[in-house]
Amino acid sequence: MITLENIKKTYNKGTITAVKNISFAVNNGEIFGLIGPDGAGKTSLFRILTTLLLADEGRATVNGFDVVKQFREIRNCVGYMPGRFSLYQDLTIEENLSFFATVFGTTIRENYNLIKDIYQQIEPFKDRRAGKLSGGMKQKLALCCALIHKPDVLFLDEPTTGVDVVSRKEFWEMLKRLKAQGITILVSTPYMDEAKLCDRIGLIQKGEILSIDTPANIVGSFPEKLFAIKSSNTYQLLHDVRDFPDTASCFAFGDALHVTFKDQSDKDISEYLCAKGHTDLVIESIAPGIEDCFIHLLKN
Amino acid sequence: MDAVIKTEKLTKRFGNFIAANELTFEVGKGEIFGFLGANGAGKTTAMRMLCGLLAPSSGKASIAGFDIYTQTEKIKRNIGYMSQKFSLYDNLTVSENIRFYGGIYGMTRKDIKTKTQSLLEVLQLQNEAKTLVSELPLGWKQKLSFLVSIVHDPEIVFLDEPTGGVDPVTRRQFWDLIYYAANKGVTVFVTTHYMDEAEYCNRVSIMVDGVIAALDSPANLKKNYGHENMEDVFYELARKAKRQGD
């Protein structure tokens, strides 16, 4: 379990605010996602919770331990995978893993169970130096090293950034299996589509939490009627819909536009777009996704 | 189609390893071409060859009408390149960065001056002309970085994962700029891990283990593979990959 109460962090003698008065809690055995862009304050929160950075104000605990007074206890019971690859480049896969096991007073064999699924995928290359590994392999090794002492809480700072769709899916499968073993996971990501894989999420922007809830509830609280509009010329459509007087918001989502209207109704838009010469027009009412909610919260 | 990129069996080997295997494709003028692939599929190698930075092992290619073996310097003058790591100078101002890159590409002072005005207007950064780049938010840096890469009106601009790490609104604003450039006739060659962005391209290629496994418009790819979205198309093709990571 993780708690934060009114955590604030500034840099450069208070001129840059990274985290403004953030409070929330992560329950035991939960996958909690911090979703937000670069500069939102995600990494500062991770570093405060892993006792690597002191907050200016506020209190936080991890597994019942205070992040300031009991930092030693916390360091023994958490695993941390920073956003930047931080293993020893000139040690091999196996040497890195055994180094981290030794530091935490354990052995690879003792907790092999926990990492087996992941480690087997990189084991054929165990004599290769970490600096020579591909991005996907580095990511798997870093996760093994963060798990080797069987932590109660796992902190993963943007583990899937720059990783392709296939590896990202595999990675989330691994997280589900770790959760099943009772590990609490705090994970951050800039990919909105990964939000739905978390039990609860916090949408974060400019050091503030915009919303915290289950993905289903966040989507359910979207206050407007949302429509998807498609035509054979998406770019022209984007301009035309934006120019339509009754349009409240209009954003491209893949091959469709997601649109809200000032009076919550799609009346007249079809006629207007036909008059503009659009063909293969499809206008339908749709349920919003997390990204729609995030965009909505950003606007307000 | 008026092809500005034309390759025929373009191949790059590193020892026994074939990073890019007989790539044959064309990209038309003003087209937005999405160049997708899993980590390690060979995208970066292919891009480096197309930019004239890496000599192919075999095959043919012409970029903006110039030969990829013998005219690499001419290629470099006629393309723009933006990578996910910014090439802007943090301790120069916005307008100094534009001036610097204009100078590198041999533009006259007069051209640089008018170009600076118009780029600042497109970005709506007129008030920030004298701001140090280090003080700009990430989203603005990305947009500036893109416009700097087309300051010399290149035929083609190569964008290597340009939209990583920004919020969803900024990411979409970036695509507005891509469309702006394409409408002006600049060919856009872009890689991304966001599959919704693949939908914004006119055509998309998907590389798997060094070969182009599929190439078509997003609509046709979805139809031919029987999927609702590009993510599922990509997943079906890329999960067959045997190579490990990049």
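The values are calculated or read from the model by the stated rules, or taken from the named source; none is laboratory data. Source: prediction; values computed, not measured. Backbone-built Cβ (ideal geometry, glycine too); neighbour counts: all protein chains shown.
Would you confirm, using the coordinates I've provided, whether B:Tyr225 is within 15 Å of the chain's Cα centre (by Cα) and either within 14 Å of chain A (Cβ to nearest Cβ) or not β-branched (Val, Ile, Thr) (or both)?
No.
Quick check, is B:Gly34 under 15 Å from the mean Cα position of the chain (by Cα), surrounded by 14 or more Cβ atoms within 10 Å (Cβ to Cβ) and of a type outside the set (D, E, K, R)?
Numbers: under 15 Å from the mean Cα position of the chain (by Cα): yes; surrounded by 14 or more Cβ atoms within 10 Å (Cβ to Cβ): yes; of a type outside the set (D, E, K, R): yes.
Considered against the rule, which asks whether it is under 15 Å from the mean Cα position of the chain (by Cα), surrounded by 14 or more Cβ atoms within 10 Å (Cβ to Cβ) and of a type outside the set (D, E, K, R), B:Gly34 comes out as yes.
Of A:Asp246, A:Asp266, A:Asp280, which residue is closer than 27 Å to B:Leu221 by Cα, acidic (Asp, Glu) and not assigned by TED's automatic domain parsing to the domain that holds A:Leu49? Please lay out each step first, then the result.
On the way: A:Asp246 fails: closer than 27 Å to B:Leu221 by Cα; A:Asp266 fails: closer than 27 Å to B:Leu221 by Cα.
After applying the criteria, what remains is A:Asp280.
If you take the residues of region B:70-82 that are out of contact with any Pro (no Cβ under 7 Å at 6 or more places or on another chain) and outside any strand (DSSP E or B), which of them is farthest from B:Phe189 (Cα to Cα)?
Let us first name the residues in region B:70-82 that are out of contact with any Pro (no Cβ under 7 Å at 6 or more places or on another chain), namely B:70-77, B:81.
From what is left, the residues that are outside any strand (DSSP E or B) are B:70-77.
On the way: B:Thr70: 22, B:Gln71: 20, B:Thr72: 18, B:Glu73: 19, B:Lys74: 18, B:Ile75: 15, B:Lys76: 15, B:Arg77: 16 Å.
If we take residues in region B:70-82 being out of contact with any Pro (no Cβ under 7 Å at 6 or more places or on another chain) and outside any strand (DSSP E or B), then B:Thr70 is farthest from B:Phe189 (Cα to Cα).
Scanning for something within 14 Å of another protein chain (Cβ to nearest Cβ), closer than 15 Å to A:Lys42 by Cβ and surrounded by fewer than 21 Cβ atoms within 10 Å (Cβ to Cβ), does region A:178-193 turn up at least one residue? Working first, answer last.
First, the residues of region A:178-193 that are within 14 Å of another protein chain (Cβ to nearest Cβ): A:188-193.
Remaining after also requiring closer than 15 Å to A:Lys42 by Cβ: A:188-192.
Keeping just the survivors that are surrounded by fewer than 21 Cβ atoms within 10 Å (Cβ to Cβ) gives A:191.
Yes: region A:178-193 contains one or more residues that are within 14 Å of another protein chain (Cβ to nearest Cβ), closer than 15 Å to A:Lys42 by Cβ and surrounded by fewer than 21 Cβ atoms within 10 Å (Cβ to Cβ).
Against the condition surrounded by 15 or more Cβ atoms within 10 Å (Cβ to Cβ), touching a residue at least 24 places away in the same chain (Cβ under 8 Å) and under 24 Å from A:Gly135 (Cβ atoms), how does A:Ile48 come out, does it pass?
Numbers: surrounded by 15 or more Cβ atoms within 10 Å (Cβ to Cβ): yes; touching a residue at least 24 places away in the same chain (Cβ under 8 Å): yes; under 24 Å from A:Gly135 (Cβ atoms): no.
Here the answer is no, as A:Ile48 does not meet what is asked.
Out of the residues in region A:79-124 that are aromatic (Phe, Trp, Tyr) and under 18 Å from A:Ser167 (Cα atoms), which is nearest to the other protein chains (Cβ to nearest Cβ)? I'd like the intermediate steps shown before the answer.
The first filter runs over region A:79-124 and keeps only residues aromatic (Phe, Trp, Tyr), leaving A:80, A:85, A:88, A:99-100, A:104, A:112, A:119.
From the residues that got through so far, the ones that are under 18 Å from A:Ser167 (Cα atoms) too are A:85, A:119.
On the way: A:Phe85: 13, A:Tyr119: 14 Å.
Out of the qualifying residues, it is A:Phe85.
Is one or more of the residues making up region B:193-212 more than 20 Å from the chain's Cα centre (by Cα), more than 8 Å from chain A (Cβ to nearest Cβ) and more than 19 Å from A:Leu238 (Cβ to Cβ)? Break it down stepwise before answering.
We begin by selecting, within region B:193-212, every residue more than 20 Å from the chain's Cα centre (by Cα); these are B:209.
Add one more test, that the residue is more than 8 Å from chain A (Cβ to nearest Cβ), and what stays is B:209.
Subset that is more than 19 Å from A:Leu238 (Cβ to Cβ): B:209.
Yes, there is a match, as at least one residue in region B:193-212 is more than 20 Å from the chain's Cα centre (by Cα), more than 8 Å from chain A (Cβ to nearest Cβ) and more than 19 Å from A:Leu238 (Cβ to Cβ).
Restricting attention to region B:162-186, and to residues there that are more than 9 Å from chain A (Cβ to nearest Cβ) and not in a helix (DSSP H, G or I), which single residue is surrounded by the most Cβ atoms within 10 Å (Cβ to Cβ)?
So the first thing to find is which residues in region B:162-186 are more than 9 Å from chain A (Cβ to nearest Cβ), and the list is B:162-163, B:173-174, B:177-178, B:180-181, B:184-186.
If we keep only those that are not in a helix (DSSP H, G or I) as well, we get B:162-163, B:184-186.
On the way: B:Pro162: 26, B:Thr163: 24, B:Lys184: 10, B:Gly185: 11, B:Val186: 23.
Restricting to residues being more than 9 Å from chain A (Cβ to nearest Cβ) and not in a helix (DSSP H, G or I), the top hit is B:Pro162.
When you check A:Lys225 against the structure, is it modelled with pLDDT under 95, charged (D, E, K, R) and under 19 Å from A:Lys299 (Cα atoms), yes or no? Even if it seems obvious, please write down each step before you answer.
Working: modelled with pLDDT under 95: no; charged (D, E, K, R): yes; under 19 Å from A:Lys299 (Cα atoms): yes.
Here the answer is no, as A:Lys225 does not meet what is asked.
Say whether the condition of being within 20 Å of A:Glu30 (Cα to Cα), surrounded by fewer than 20 Cβ atoms within 10 Å (Cβ to Cβ) and without any contact (Cβ under 8 Å) to a residue 40 or more places away in the chain is met by at least one residue in region A:148-169.
Within region A:148-169, one or more residues are within 20 Å of A:Glu30 (Cα to Cα), surrounded by fewer than 20 Cβ atoms within 10 Å (Cβ to Cβ) and without any contact (Cβ under 8 Å) to a residue 40 or more places away in the chain.
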